[in-house]
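S.K.: Let me give you the structure first, and then I'll get to my questions.
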Amino acid sequence: MEKVTIEAKLREKVGKNSSKQARREKAVPCIIYGGESNIPVVCDAKSFKKLVYTPEFRLAEVNVNGSAHKCILKDIQFHPVSDEIVHADFLKLADGVNIKVQVPLRIKGTSPGVKVGGKLMQLLRKVNIKTTPEHLIDKLYIDISSLKLGASLRIKDIEVPEGVQIMNASGIPVVSVEVPRALKSAAAKEAKDAAAKAKAAK
């Protein structure tokens, strides 16, 4: 699993004034929680780029004054006008302790419905999971090798590794193969022609 290193410094002061000062210096006020006590830090805003602006799920290694903390990004706040990051929360990981995260859903295989002209529609791109750090994954897969024209696959059809639990409802549609308008028109014409021939044969 890919890991992004975030360089951080301890915040000597907390509160609105210190947070504003950090932002003026192009830094992001953050909190690392999940350990024995919360750790207030400031991080370089540029270091968030590979962690936030990506569809991938990545771990964060937050280095605070030479001490590394293995974390996940739990929450992030953006400025309503500039869209700059104004605050972030990191959750420190501990083996055996359950965490809840969102991971991307990837498609594998080739749908027979697509081969005959159907249109593949991915209806869900991220899945909520519960797991422990030692079983943490960065993506899930759903196999569409049996997906026929006009059919769909649901949450319950996703391949789930050991130690991982999907939190989404099992009946939610994930991917489908739609029948294009051209195929519908052709099928309707065939049915109409067949009906006309049957009527003429009587």
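S.K.: Are there any pairs with C-beta distances below 9 angstrom linking a residue in the range 151-178 that is assigned by TED's automatic domain parsing to the domain that holds Val114 and in contact (Cβ under 8 Å) with a residue 60 or more places away in the chain to a residue that is outside any loop (DSSP other than H, G, I, E, B) and small (Gly, Ala, Ser), with the two at least 6 apart or on different chains, and if so which?
M.R.: Pairs found: Val174/Ser152; Val175/Ser152; Val177/Gly113; Val177/Ser152; Glu178/Gly113.
S.K.: Of the residues Gly113, Gly35, only one is in contact (Cβ under 8 Å) with a residue 24 or more places away in the chain and assigned by TED's automatic domain parsing to the domain that holds Ile158; which?
M.R.: Only one candidate qualifies: Gly113.
Residues are listed down the side, and each one gets a yes or a no for (1) of a type in the set (A, V, I, L, M); (2) at pLDDT 60 or above; (3) closer than 20 Å to Gln122 by Cβ; (4) not in a strand (DSSP E or B):
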site	(1), (2), (3), (4)
Leu153	yes, yes, yes, no
Lys156	no, yes, yes, yes
Pro161	no, yes, no, yes
Ala169	yes, yes, yes, yes
Ser176	no, yes, yes, no
Lys184	no, no, no, yes
Ala187	yes, no, no, yes
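S.K.: Condition first: part of a strand (DSSP E or B), over 21 Å from Ala151 (Cα atoms) and β-branched (Val, Ile, Thr). Now tell me which residues in the range 108-137 satisfy that.
M.R.: Ile129, Thr131
S.K.: Taking the range 159-174 on its own, how many of its residues are within 14 Å of Glu134 (Cα to Cα) and in contact with a helix residue (DSSP H, G or I) (Cβ under 9 Å, 6 or more places away or on another chain)?
M.R.: Total meeting the criteria: 4.
S.K.: Might you check whether a residue that is of a type in the set (Lys, Arg), touching an Asp or Glu at 6+ places or on another chain (Cβ under 8 Å) and assigned to a strand (DSSP E or B) occurs anywhere in the range 12-25?
M.R.: Looking for residues that are of a type in the set (Lys, Arg), touching an Asp or Glu at 6+ places or on another chain (Cβ under 8 Å) and assigned to a strand (DSSP E or B), one finds none in the range 12-25, hence no.
S.K.: Would a scan of the range 133-150 turn up a residue that is crowded, with 16+ Cβ neighbours inside 10 Å and closer than 15 Å to Ala169 by Cα?
M.R.: Looking for residues that are crowded, with 16+ Cβ neighbours inside 10 Å and closer than 15 Å to Ala169 by Cα, one finds none in the range 133-150, hence no.
S.K.: Additional query: Checking Met167 against (1) of a type outside the set (D, E, K, R); (2) within 17 Å of the chain's Cα centre (by Cα); (3) surrounded by 14 or more Cβ atoms within 10 Å (Cβ to Cβ): exactly one of these is not met. Which one?
M.R.: The failed condition is (3).
The values are calculated or read from the model by the stated rules, or taken from the named source; none is laboratory data. It should be emphasised that the depicted structure is a prediction, and the values quoted were computed from it without experimental measurement. Quick reminder, even Gly has a Cβ in these numbers, built from the backbone with ideal geometry, and neighbours come from all protein chains shown.
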